[in-house]
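The values are calculated or read from the model by the stated rules, or taken from the named source; none is laboratory data. Note that the structure is predicted; figures quoted are calculated from it, not measured. Here the Cβ positions follow ideal geometry from the backbone for every residue, glycine too, while neighbour counts run over all protein chains shown. Only protein heavy atoms, including side chains, enter the accessible area calculation; ligands, DNA and RNA are left aside. Shrake-Rupley method; radii C 1.70, N 1.55, O 1.52, S 1.80 Å.
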Amino acid sequence: MFGSSEQIMAAEVEAKLVLLRALIERHGLPGLVLTDAGEVAWLTGGITNRIEPGNPSSPLWLVVTPTSAAAVTTNVERPRLEAEAGLEALGFELHEAPWYEPDGLARTARELGGAASELGDELIALRLALLPPERERLETLAADTAAALEQALLAWEPGQLDLDVQARVAERLERVGAFGACLIVGGDERVERFRHPLAAGKPIARLVMAVVVAERGGLHAAATRFACAGRLPERIRSAQAAARAVEHATHRACVVGATYGEVLGALDRAYAAAGHPGAWREHYQGGPIGYRQREFELVPTQSESRWFSTTLEEGHALAWNPSIRGGGKAEDTYLLEQGGLRRLTNSDAWPLADGRPAVLDVVTGEAA
C-alpha cells in the first residue's frame, strides 16, 4: 500500500538514520555532523539550501547522534527553512547560530553532540545504492536533463553563438528547478581540439557539442549531445564511433556483482581495441553519479583504491564518459537494475545509432 509523499520521505530519512547510527556505533563516535551539501540532501531526501549554486559547503548542517537528529543553520536562513523545508516533520529539530559568529555552526553542532570526522568515503559508500524514491527523483531529473540539452540543440541554427545555445540549456534547466553544475557548449574545430571547449562567444557553423551535469535536490544527471549541419567529416565520425565502442564495452561490464576495477579493466581494453590504447589518461572517464557529479574518480591503474574492489549493486547510478581526441565523446546517465543498465537521460525524441544517442543533423532531422 502506498503512503503519502510525506510518509515516503519520512521513511526514506528514517532508513538512512539507521545506517548512520550503525556507522556511529562502528566507529565509536558520539555523533556525526554533515556539512556537505550532497550529504545534507542525501539524508533529508533532497532538501537543499542553494544560496551559492555548486558550492559544496552547505549553510544547513545536520547533527546525528544515537538518540537524536538536529539541523543547524544561520539566523538568516532559519525563518524560511522553518516555514518551508519540513525538517521537523522529518524528525530534525532546527537550531540556529548567528550569521556573524565565526564558527557559529560548528559550535552549535558540537553543543548538540556532533563530532567532526573523516568518514567521507564511508558516507559515499552508504549512498551509492539509491533507494527507490531516490531512483524516481533521479529518473525525473535525467529526463529533464536530456530534454534541456536536446531542445537547445534542436533550436540551434548554424551561425548562432555558443553562448546562445548554452543560455537555452540553462534556461530550460532553471524552468524545472534544476541548474547546470557543469555546463559546456562549444563548436566546430574547438570540439576537435579541446575536451572542454567552454563557450567563448563564438559562432558555430557546422558542429556543436553540449555537455551538462544537472543538479536538483542534491542529485546529479549527466549527458552529452552533438548536432551538426550536414554530413560529418570522416575523422569526426571515426572518433565518435570509437567513443561509442568504448562506452558499449564499459556498459557490458556493468552487471550486479562486478567490481569497479573489473569495469575499468574493460574500459582500458576497449580503448586499445578501438585503436587508442591508454587514451583514458587524456580525460575524466566518469563513473558512479548521485549526490556528487562523480561520487568517486577511479582509473584502471588504481588497484590500491578501496573503490577498485567495490561491487556494483542494484540502484547504482552510472555516467561513464569515454572520449577520443578529435571530437569523440559519449555520456549518459544510467541506473543499474537486475536486468542490466537502463538509460535515464532519455527523452524518446532524439535519433539513435546502435541504441544510443547519435549526432543529430539539423538539416535532415535524422542521425548524421
| query | If you work out Cα extents along the principal axes in Å from the coordinates, which of [x] 86, 60, 42; [y] 55, 45, 42; [z] 64, 46, 41 do you get? | reply | [z]
| Rounded to the nearest 20 debye, dipole of the stretch 1-73 from Cβ charges on Lys, Arg, Asp, Glu | 120 debye
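How do C182, C254 stack up against each other in accessible area, from largest to smallest, with a 1.4 angstrom probe? Write down the numbers at each step before the final one.
On the way: C182 35, C254 0 Å².
Result of the area sort, largest leading: C182, C254.
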| task | May I ask which residue of G257, P203, A273 lies farthest towards the positive end of the charge dipole of the stretch 157-276, with charges of +1 (Lys, Arg) and -1 (Asp, Glu) on Cβ and the Cα centre as origin? | result | A273
| field | Of all accessible heavy-atom area on the stretch 102-150, the percent that carbon and sulfur account for (1.4 Å) | value | 52 percent
| remark: Long-range amide H partners of G186, meaning residues 5 or more apart or on another chain whose placed amide H is closer than 5 Å, are M209
| said: Once each part is reduced to its C-alpha centroid, what is the distance from the stretch 295-328 to the stretch 348-368 in angstrom? | reply: 27 Å
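Go ahead and run the numbers for FRET between A272 and T311, Cβ-Cβ distance against an R0 of 25 Å, rounding to 0.05.
0.50
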| note | Within the under-12-Å Cβ sphere about R168, not counting R168, Lys/Arg +1 and Asp/Glu -1 give a net charge of -4
| task | Based on alpha-carbon positions alone, could you give the equivalent ellipsoid semi-axes of the stretch 2-93 from the gyration tensor, as √(5λ), descending, whole Å? | result | 20, 17, 12
| task | For the stretch 179-230 and the stretch 25-78, compute the distance between their C-alpha centroids and round to whole Å. | result | 32 Å
| request: Obtain the nm distance between the two label points defined at W99 and N75 by a simple spin-label model: each point lies 7 Å from its Cα along the Cα-to-C-beta direction. | output: 1.1 nm
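Where does the charge balance sit around V256 when Lys and Arg score +1, Asp and Glu -1, over other residues with C-beta under 11 Å from its C-beta?
Working: positive: none; negative: E313, E314, E337.
Residues near V256 contribute -3 overall.
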| task | Compute the acute angle (0 to 90°) between the alpha-carbon long axis of helix 132-154 and the principal axis of greatest extent of the alpha-carbon atoms of the chain; round to the nearest 10°. | result | 40 degrees
| How large is the charge dipole for the stretch 271-368, taken about the Cα centre, if only the Cβ atoms of Lys, Arg (+1) and Asp, Glu (-1) carry charge, to the nearest 20 debye? | 280 debye
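Using unit Cβ charges (K, R positive; D, E negative) and no other charged atoms, how large, in debye to the nearest 20, is the dipole of the stretch 1-160 about its Cα centre? Don't jump to the answer; show the numbers that get you there.
Values: 11 positive and 25 negative charges, 59 e Å.
The calculated dipole for the stretch 1-160 is roughly 280 debye.
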| task | Would you mind checking the tilt of helix 162-175 against the longest principal axis of the Cα atoms of the chain, expressed as 0 to 90 degrees and rounded to 10? | result | 40 degrees
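For every other residue with a beta carbon closer than 11 angstrom to the beta carbon of Q151, add +1 if it is Lys or Arg and -1 if Asp or Glu, then tell me the sum. If you can, show how the numbers build up before the last one.
Numbers: positive: R168, R172, R175, R225; negative: D144, E150, E171.
Result for the local shell: +1.
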| Pairwise centroid distance, computed over Cα atoms, of the stretch 6-23 with the stretch 109-156, Å | 16 Å
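Can you bin the stretch 203-279 into rounded, prolate or oblate? Criterion: square roots of the alpha carbon gyration tensor eigenvalues sorted a ≥ b ≥ c, rounded for a/c under 1.5, prolate for a/b above b/c, oblate for the rest. Intermediate results must be reported in sequence, preceding the final value.
Details: a/c = 3.14, a/b = 1.25, b/c = 2.52.
Verdict is oblate for the stretch 203-279.
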| Between T301 and R235, what is the spin-label point distance in nm, taking each point 7 Å from the Cα along the Cα→C-beta axis? | 2.8 nm
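Pulled fully out, how much extra length does the chain show between R175 and Y284, if you take 0.36 nm times their separation in residues and subtract their Cα-Cα distance?
Numbers: separation 109, 0.36 × 109 = 39.24 nm, distance 2.92 nm.
Gain on stretching R175 to Y284: 36.3 nm.
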| message | If you count only protein heavy atoms with a 1.4 Å probe, what accessible area per residue comes out for the chain, rounded to a whole Å²? | response | 44 Å²
| query | For helix 5-27, what angle does its Cα long axis make with the longest principal axis of the chain, in degrees from 0 to 90 and rounded to 10? | reply | 80 degrees
| query | Can you work out ³J(HN,Hα) from phi for every residue in the stretch 55-60, in order, using Karplus 6.51 cos²θ - 1.76 cosθ + 1.60 and θ = phi - 60°, giving whole Hz and x for Gly and Pro? | reply | 6, x, 7, 10, x, 10
| To the nearest 10 square angstrom, what accessible area does S57 show with a 1.4 Å probe? | 80 Å²
